[in-house]
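Notes to accompany the following structure.
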Amino acid sequence: MSLALPFQTAKQLAAAVRKKKIGCLELLDLYLKRVEAYNPELNAIVATDIEGARKRAKAADKVVKAGKKLGPLHGVPMTIKESFDVAGYPTTWGDPAFKDATVKTDSLVARRMRKAGVTLFGKTNIPLNLADWQSYNEVYGSTNNPWDLGRTPGGSSGGSGAALAAGLTGIEAGSDIGSSIRNPAHYCGVYGHKPTWGVVCPKGHALAGNVAYGDIGVVGPLARGAADLEIAMDVMAGPDAIDGRGWKLNLPRSKKKKLRDFKVAVLLSDPNAEVDHSVQAEIQKLADFLARKKTRVSDKARPAIDTAEMNDVFIRMLRAATSARMTDAVYEQALADAKSLPASDMSYFAQMQRGNSLPHRTWLQLNEKRHRMRLAWDAFFEDYDLMLCPVAVTAAFPHDQKGLRHLRTIVVNNKKVPVVDQIFWAGYAGLTYLPASAAPIGQTAEGLPIGVQIIGPQYGDYDCIQFAKLLEKEYRSFEPPPAYG
């Protein structure tokens with residue numbers, strides 16, 4: 001079934017422009033009208049440059065009229081996660097200290113997407129310092145999930161997921177260190193791809209003009225269609241100007257044409273982060289479907305990794321990777337907490353504070369463990385093409401913005417558990433640099449979207465996306481939330 005124009009994929013929108021079925025300005029205005037109508041209740045798009053965007057759309061129409069060669073996303077209206085630098089906008093990461101400081105240059109991702117032809121018209125909401133699976137902050141307020149306004153759209157690319165699902169934009173770019181692309185895709189019923197670490201240069205995705213590229217974190221696309229992820233990766237990926245003097249990216253294309261060409265392992269849950277039966281059931285349904293399609297499916301195959309150790313290493317290295325954002329006072333408190341807590345305390349708070357104050361010698365020891373796990377994954381991928389597993393332990397949960405995040409809870413299988421437990425599913429691919437796509441596969445009994453995480457070998461990005469494309473064609477594709485279709 002063909003979806004209404006605002007819900008079509010970026011690939012379809014670009015094709016409509018190329019075939020002159022719709023003009024670039026006409027398409028932009030279509031989305032701007034939807035933003036005007038629906039964004040007030042969602043608060044997904046938090047900053048716009050409408051005048052500049054309409055001017056660029058008019059110029060894009062002239063290019064079409066002149067018969068010039070068009071980029072793969074020519075005329076597609078785009079928004080981008082607030083944490084990317086875009087000239088003329090502030091980059092705040094939700095921190096009021098930066099709300100009036102506009103930046104002068106585009107991030108590399110924004111620049112490359114513009115070169116591909118998008119009409120960039122706004123920025124989408126995030127949590128403070130990109131550190132939550134909810135998207136709210138003092139600068140821009142709170143973003144709601146278009147499937148249920150009382151629930152989170154995810155984070156930290158929550159505005160991205162909500163804007164796509166509600167048909168307010170054509171394509172998005174987000175970032176992911178703790179499932180911040182995968183999580184909103186899962187909660188909002190769209191597609192997302194966390195690239196192999198280092199494949200998409202994050203230049204211009206930093207606070208206060210910082211330029212160093214961090215550990216674990218990546219930047220990548222979100223979209224309403226799996227093919228859009230591939231197009232966006234073609235556009236975004238590759239080194240910056242300095243690294244480009246010495247190396248070129250050559251990601252292998254997928255050679256697999258059918259689902260039965262894949263050999264996949266399926267993981268429904270883990271003792272470190274129990275998954276709700278509603279999510280497990282949808283992944284099991286998918287596994288059963290794949291088996292009927294003669295895909296080789298194993299529910300036993302796993303990399304030779306101690307998942308408890310993996311989770312421990314990930315939490316500490318994750319918190320170490322983001323620790324430079326802390327004030328001196330917060331760092332000193334982390335240092336004091338880490339010293340005072342008994343070694344037997346393996347709670348998230350204890351591991352977080354150890355990571356926030358991690359000595360470099362300990363980081364090096366953890367990094368050795370990480371690389372041993374990386375080799376274990378690589379050995380696993382000699383026998384299997386992909387690992388299918390949950391993105392998160394539940395579907396989108398109700399807004400809960402009170403108190404400290406690590407003290408908040410969610411309900412999993414009728415039990416209250418710490419919301420931070422599910423960081424496990426972010427680290428399962430993230431710690432060891434692996435690519436992972438998120439694709440919608442079903443819904444809960446309440447009608448909330450459920451996605452699957454498709455993990456591939458290092459640099460196997462296009463196999464992850466190809467599998468998502470085949471699922472989209474043969475199993476389930478994007479569906480608009482009922483109130484916005």
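Assuming residue 338 fulfils every condition listed in (1) in contact (Cβ under 8 Å) with a residue 12 or more places away in the chain; (2) within 23 Å of residue 432 (Cβ to Cβ) apart from one, which condition is it?
The failed condition is (2).
Considering segment 67-112 alone, what residues qualify as being of a type in the set (Gly, Ala, Ser), under 25 Å from residue 5 (Cα atoms) and in a loop (DSSP other than H, G, I, E, B)? Spell out how you get there, then give the answer.
Step one: filter segment 67-112 for residues of a type in the set (Gly, Ala, Ser), giving 67, 71, 75, 83, 87-88, 94, 97, 101, 107, 110.
Now narrow it down to the ones that are under 25 Å from residue 5 (Cα atoms): 67, 71, 75, 110.
Once the filter is applied, which keeps residues that are of a type in the set (Gly, Ala, Ser), under 25 Å from residue 5 (Cα atoms) and in a loop (DSSP other than H, G, I, E, B), segment 67-112 yields 67, 71, 75.
Does any residue of segment 287-299 turn out to be modelled with pLDDT of 95 or more, in a loop (DSSP other than H, G, I, E, B), out of contact with any strand residue (DSSP E or B) (no Cβ under 8 Å at 6 or more places or on another chain) and outside the structural domain of residue 468 (by TED's automatic domain parsing)? Before you say what the answer is, go through the steps one by one.
Keep residues of segment 287-299 that are modelled with pLDDT of 95 or more, which gives 287-299.
Retained after the next criterion (residues that are in a loop (DSSP other than H, G, I, E, B)): 293-295, 299.
Now narrow it down to the ones that are out of contact with any strand residue (DSSP E or B) (no Cβ under 8 Å at 6 or more places or on another chain): 293-294.
Next, only the ones that are outside the structural domain of residue 468 (by TED's automatic domain parsing) stay: 293-294.
Checked segment 287-299: at least one residue is modelled with pLDDT of 95 or more, in a loop (DSSP other than H, G, I, E, B), out of contact with any strand residue (DSSP E or B) (no Cβ under 8 Å at 6 or more places or on another chain) and outside the structural domain of residue 468 (by TED's automatic domain parsing).
Could you please find all residues in segment 400-445 being within 20 Å of residue 273 (Cα to Cα) and among the basic types (Lys, Arg)?
Within segment 400-445, 405, 408, 415, 416 qualify.
Step by step: first the residues of segment 317-341, then only those that are surrounded by 16 or more Cβ atoms within 10 Å (Cβ to Cβ) and outside any helix (DSSP H, G or I), then the one that is modelled with the highest pLDDT. Which residue is that?
Checked segment 317-341; the qualifying residue modelled with the highest pLDDT is 341.
So which residues in segment 262-299 are among the polar types (S, T, N, Q) and surrounded by fewer than 16 Cβ atoms within 10 Å (Cβ to Cβ), if there are any at all? Can you show your working first?
Start the filter on segment 262-299 by keeping residues that are among the polar types (S, T, N, Q), which leaves 269, 272, 278, 280, 284, 295, 298.
Listed by number, the residues that qualify are 284, 298.
With the requirement that a residue be among the hydrophobic types (A, V, I, L, M, F, W, C), within 24 Å of the chain's Cα centre (by Cα) and under 14 Å from residue 428 (Cβ atoms), what does segment 280-307 give you?
Of segment 280-307, the ones among the hydrophobic types (A, V, I, L, M, F, W, C) are 281, 283, 286-287, 289-291, 297, 301, 304-305.
Narrowing the set further to residues that are within 24 Å of the chain's Cα centre (by Cα) leaves 281, 283, 286-287.
Of everything in segment 280-307, just one residue is among the hydrophobic types (A, V, I, L, M, F, W, C), within 24 Å of the chain's Cα centre (by Cα) and under 14 Å from residue 428 (Cβ atoms), namely 283.
Across segment 22-46, what is the number of residues that are closer than 24 Å to residue 483 by Cβ and either in a helix (DSSP H, G or I) or among the small types (Gly, Ala, Ser) (or both)? It would help to see each step written out before you state the result.
The initial filter retains those residues of segment 22-46 that are closer than 24 Å to residue 483 by Cβ, namely 27-46.
Adding the requirement that they be either in a helix (DSSP H, G or I) or among the small types (Gly, Ala, Ser) (or both) leaves 27-42, 44.
Selection size over segment 22-46: 17.
Within segment 302-316, which residues are in a helix (DSSP H, G or I), surrounded by fewer than 18 Cβ atoms within 10 Å (Cβ to Cβ) and hydrophobic (A, V, I, L, M, F, W, C)?
308, the sole residue that qualifies.
In this structure, is residue 75 within 16 Å of residue 163 (Cβ to Cβ) and in contact (Cβ under 8 Å) with a residue 12 or more places away in the chain? First the steps, then the outcome.
Details: within 16 Å of residue 163 (Cβ to Cβ): no; in contact (Cβ under 8 Å) with a residue 12 or more places away in the chain: yes.
When the stated conditions are applied, residue 75 does not pass them.
For segment 118-139, which residues satisfy the criterion of being out of contact with any strand residue (DSSP E or B) (no Cβ under 8 Å at 6 or more places or on another chain) and either surrounded by 22 or more Cβ atoms within 10 Å (Cβ to Cβ) or outside any loop (DSSP other than H, G, I, E, B) (or both)?
129, 132, 133, 137
Taking segment 351-379 as the search range and keeping residues that are touching a Pro at 6+ places or on another chain (Cβ under 8 Å) and farther than 13 Å from residue 317 by Cβ, which one is surrounded by the fewest Cβ atoms within 10 Å (Cβ to Cβ)? Show your work before the answer.
Within segment 351-379, the subset touching a Pro at 6+ places or on another chain (Cβ under 8 Å) is 373, 376-379.
Keeping just the survivors that are farther than 13 Å from residue 317 by Cβ gives 376-379.
Details: 376: 17, 377: 22, 378: 14, 379: 11.
The qualifying residue surrounded by the fewest Cβ atoms within 10 Å (Cβ to Cβ) is 379.
The values are calculated or read from the model by the stated rules, or taken from the named source; none is laboratory data. From a predicted model like this one, the values you see are computed outputs, not experimental measurements. In this analysis, Cβ positions are derived from the backbone assuming ideal geometry, glycine residues included, and neighbour counts consider all displayed protein chains.
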